[in-house]
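See structure below.
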Amino acid sequence: MQKQSVFTSRWLPFALIAPQLVIVLVFFYWPAGQAVRQSFLLQDAFGLSTTFIWFENYRDLLSEPEYFATIVRTFVFAFAIAMSSLSLALLFAVMADKPLRGVALYRTLLIWPYAVAPPVAGVLWVFMLNPSLGVLARGLREMGVDWNPLLDGNQAALLVILASAWKQISYNFLFFLAGLQSIPKSVHEAAAIDGARPMRRFWTVTFPLLTPTIFFLIVVNIVYAFFDTFGVIDTMTRGGPAKATETLVYKVYVDGLLGGNLGSSAAQSVILMGLVIVLTAIQFRFVERKVTY
Amino acid sequence: MVENEGIQRYVAHVILWVGIAVVAFPVYLAFVASTQDNALIANGQMSLLPGGHFLETYYRTIFVGTSGTTREPVGMMLFNSFIMAMSIALGKIAISIISAYAIVFFRFPFRMTVFWIIFITLMLPVEVRIYPTYKIAADLNLLDSYSGLALPLIASATATLLFRQFFMTVPDELLEASRIDGAGPFRFFKDTLLPLSRTNMAALFVILFIYGWNQYLWPLLITTRDDMQTIQVGIRKMIVTSDALTEWPIVMATAILAMLPPVAVVILMQKLFVRGLVETEK
C-alpha cells in the first residue's frame, strides 16, 4: 500500500529518519554484530590476541551438559509459567465476560498487576515465602512441608514460577477478555437453542473461537518467560541454589559478569537471538493469518 | 439467556473475588509489612493487619533510606525512575512519529530498507546483546548518566509501525487540501497530523511510561553509582542474603512506592491503557 500524494524533498526525509536510524545502528546492530563476530573468535585471557575458530565456541557450548540442562530448565519454566497463568486468566476472563453486576470493577481489580515490575513481583513473593519469616512459609510449615527454597532447588524453581505467573495473569486476562468480547453473542445463543449446556458450549463454541488469542498469548508468554523473568530471578534466587533457577538469559548475564569466556558468552547471545527470531516469526505468522474457522 | 442463571452468576462472583484476592494478596501483605516494626517481622511474628508505623517507615524510606545496604533515600531513586520513564516514553514517541512521517509521506531511495532496518530491531531485545551494548555505552561515556539510561532504549519498532499504520489511513485529500492552502511538510505535520494522532500518542505514552518505569536489566548494567540507580535496581540491593540485616518494612515500602506510579496510570487511564496495549501488541 502506498500513498498517492507525497512531499518531495531531497534532505528532509533523511533528517527525519536520522535520529531513529542512528540509535538503531549504534545500540542494536553494532552490538548484535559484535556478538556474532565474537562468537567465532577465541580470545586469550588478557585480550591480547584473538584467533578465528569457526564454530568451536558453539560446539563447546552445546556439548556442555550444563548448558543443555539450562535449555531444558528454561523450557520447563516457560511451559509452567504459560500454562498456569493462561489457565487462571482464561477462567477469570470467562467469568468477567458475563453480564454481572459490578463487572467493570472486577476487571479493573484484575488488570492492575500488569504494571508491577518483575523485580518487584519477585520481592513480594520472596517476602511471603521467606523460610524464616514469610507468612505463607509459616503456613506451609504448619502443614508439615519442609519449606526451604534457599537449599531446595525445586522449591526455588517453584518460587520463581509462582511470582512470574502471578505477574502475567492480568496481561493474559486482558487479551482473553478482548478475545471473548469479539465473539458474537448470537453464536452462543444458537448453541444454547440447540440445547448445549454451558460447559459444552464453552468447549465446542467459545474455546475454538478463541484459538487465535490462545496462540498469540502462548507465544507472548514464552517470550515473557524467557526474557522478562530476569528481574524475578535476580531478586528472588540469583539463579541459585546450585543454578536450579538459572535460565538462558540469566546464564548469559552471570557468565559475562564473571568476565569469563567472551566467546562462549557471545555464542550464547547468538543462540538466544536465533530463538527470538523464530518466536517473532511465529507470532507474525499467526497475526497475519488470524487462525479462524 | 436460557437456563437458570442464578447459581452460575453466584459462582462467577465467587471465582472473580477469589481471583482478585490471589492477585492482591501479595501487595496487601507488602503494605501491611511496611507499617509494622522490623523486629516483629524478622521474628516471623508479623500480623495480618496494618500496624502503626506507616508515617515513620515511609518518611525514612523516602528521605533517609536503609541504614545498612544502600544508604540512598528512595526519593532519589523515584526521581531517577521518573526521569528515565519519561525520557523513554517521550523519546520513543518523538523519534518514531517523525520516522513514520518520513516513511509514509515522502519518497526517497532505500525507503523500504530503512523501514526493515527499524522493523528487525524487534528481534534484538537487550537481553540477547547484553555485554556488547554495555561496552558501546561505556565507550560513549554513557555510564551513570540519564542519557545512558534512556538513549539505548529509545528506538521503537512497535511505535514506528503503529504510526505508519495510522498515517496510511489518513486520506490523501487532507494532504492535497493543506497543500492548496500553501502548507509545506512542517505545517502539514504540525497542524494536521499531530492533532489527528493525539489519541494514539496518549495511548502509546501510557504503555511506554510503564515499560520505561519497569526496566530492570539495562539500569542494572549501566548504573554503578548509588545516586543514579532506579527504584527497581535499588530495591534488589536492599535485600541482604542474611535475613536479619534486611529492613523489611523499608523494602516493602519501597515495593509499594515502586508500584504506585505505573499502577495509578493503569487505573486512572484504563481506557487509554487497554487501547495502547492492544495496539502495540497485535
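The values are calculated or read from the model by the stated rules, or taken from the named source; none is laboratory data. Since the model is a prediction, treat every value here as computed from it, not as a measurement. A quick note on method: Cβ atoms are made from the backbone with ideal geometry, for glycine too, and the neighbour counts reach across all protein chains shown.
Does B:Val18 fit the bill of being crowded, with 17+ Cβ neighbours inside 10 Å, within 26 Å of A:Ser85 (Cβ to Cβ) and facing another protein chain (nearest Cβ under 10 Å)?
On the way: crowded, with 17+ Cβ neighbours inside 10 Å: no; within 26 Å of A:Ser85 (Cβ to Cβ): yes; facing another protein chain (nearest Cβ under 10 Å): yes.
So B:Val18 does not fit the description; no.
Listed residues A:Phe284, A:Phe226; which is on the phi < 0 side of the Ramachandran plot and crowded, with 23+ Cβ neighbours inside 10 Å?
After applying the criteria, what remains is A:Phe226.
Quick check: is even one residue across the range B:259-277 surrounded by 23 or more Cβ atoms within 10 Å (Cβ to Cβ), at pLDDT 90 or above and within 28 Å of B:Gly148 (Cβ to Cβ)?
Yes, some residue in the range B:259-277 is surrounded by 23 or more Cβ atoms within 10 Å (Cβ to Cβ), at pLDDT 90 or above and within 28 Å of B:Gly148 (Cβ to Cβ).
Any residue at all in the range B:188-202 that's surrounded by fewer than 21 Cβ atoms within 10 Å (Cβ to Cβ), among the basic types (Lys, Arg) and facing chain A (nearest Cβ under 10 Å)?
no
Return the residues of the range A:118-156 that are away from chain B (no Cβ under 12 Å) and in contact with a helix residue (DSSP H, G or I) (Cβ under 8 Å, 6 or more places away or on another chain); say none if nothing qualifies.
Within the range A:118-156, A:Trp147, A:Asn148, A:Pro149, A:Ala156 meet the criteria.
Can we say B:Ser156 is touching a Ser or Thr at 6+ places or on another chain (Cβ under 8 Å) and farther than 30 Å from B:Val266 by Cβ?
Working: touching a Ser or Thr at 6+ places or on another chain (Cβ under 8 Å): yes; farther than 30 Å from B:Val266 by Cβ: no.
The answer is no for B:Ser156.
For the range A:114-168, give me each residue that is of a type in the set (D, E, K, R) and over 24 Å from B:Gln36 (Cβ atoms).
Result: A:Asp146, A:Asp152, A:Lys167.
Across the range B:179-205, what is the number of residues that are in a loop (DSSP other than H, G, I, E, B) and touching a residue at least 40 places away in the same chain (Cβ under 8 Å)?
Within the range B:179-205, residues that are in a loop (DSSP other than H, G, I, E, B) and touching a residue at least 40 places away in the same chain (Cβ under 8 Å) number 1.
For the range A:10-36, what are the residues that are farther than 18 Å from B:Ile88 by Cα and more than 27 Å from the chain's Cα centre (by Cα)?
Result: A:Arg10, A:Trp11, A:Leu12, A:Pro13, A:Phe14, A:Ala15, A:Leu16.
Quick one: is A:Ile23 modelled with pLDDT of 90 or more, within 11 Å of chain B (Cβ to nearest Cβ) and closer than 30 Å to A:Tyr171 by Cβ?
yes
Take the residues in the range B:211-227 that are touching a Gly at 6+ places or on another chain (Cβ under 9 Å) and among the aliphatic types (A, V, I, L, M); name whichever of them is farthest from A:Tyr114 (Cα to Cα).
Residue satisfying both the conditions and the ranking: B:Ile222.
Taking A:Pro65 as the residue in question, decide whether it is closer than 23 Å to B:Met123 by Cα and free of Cβ contacts under 8 Å to residues at least 40 places away in the same chain.
For A:Pro65, the condition - closer than 23 Å to B:Met123 by Cα and free of Cβ contacts under 8 Å to residues at least 40 places away in the same chain - is not met.
For every residue, the table says whether it meets (1) touching a helix residue (DSSP H, G or I) at 6+ places or on another chain (Cβ under 6 Å); (2) under 19 Å from A:Thr280 (Cβ atoms); (3) within 7 Å of chain A (Cβ to nearest Cβ).
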residue: B:Phe79; (1), (2), (3): no, no, no
residue: B:Ile103; (1), (2), (3): yes, no, no
residue: B:Arg107; (1), (2), (3): no, no, yes
residue: B:Val128; (1), (2), (3): yes, yes, yes
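Which ones in the range B:130-150 are facing chain A (nearest Cβ under 9 Å) and either outside any helix (DSSP H, G or I) or not β-branched (Val, Ile, Thr) (or both)?
B:Tyr131, B:Pro132, B:Tyr134, B:Lys135, B:Ala137, B:Leu140
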